[in-house]
Amino acid sequence: MRLSALARPALASFLAASLFSLGAQAAPSCADQASEKKLAGAAKNSFLKKCEREAGPSDCAAQAAEKKLAGAARTSFLKKCEAGAAPSPAPQAACQAQADGKKLAGAARSSFVKKCVADAAAK
């Protein structure tokens, strides 16, 4: 069976799109998995952290791209990531994680995070 000159590129692009979509379906992202499980709030954050941690160092380049790192910052991040020593989180993120662990909400959470960040900056 011979395909016309117009049908060949269309068939090729259809096959490429099909293969791409199969690859995308094979490994849903952590965010997609959280959406499927209908997680929200602290449960979603906890799930995302665990999922990304389990994704491991094989995901370092994708993480660097997601963070839009370039040049020396990207190189440094990749070295640390592949060595298994993730860069220390910013004080704000670390303090928010502590507040999550303590299950703080509202004004108590805001106050805790503000004091925690100030203490971290003083060190």
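The values are calculated or read from the model by the stated rules, or taken from the named source; none is laboratory data. These numbers come from a predicted model, not from an experiment. Ideal geometry is used to build each Cβ from the backbone, glycine not excepted, and the neighbour counts take in all protein chains shown.
Using beta carbons and a limit of 7 Å, which pairs, at least six apart or on different chains, have the first residue in the stretch 100-117 and charged (D, E, K, R) and the second one part of a helix (DSSP H, G or I)? From the stretch 100-117, the pairs are Asp100/Ala42; Asp100/Asn45; Arg109/Ala99. In this structure, does Arg74 turn out to be within 18 Å of the chain's Cα centre (by Cα), at pLDDT 80 or above and surrounded by 15 or more Cβ atoms within 10 Å (Cβ to Cβ)? When the stated conditions are applied, Arg74 passes them. Can you tell me which residues in the stretch 36-54 are more than 16 Å from Gln98 (Cα to Cα), of a type in the set (Gly, Ala, Ser) and surrounded by 11 or more Cβ atoms within 10 Å (Cβ to Cβ)? Correct list: empty.
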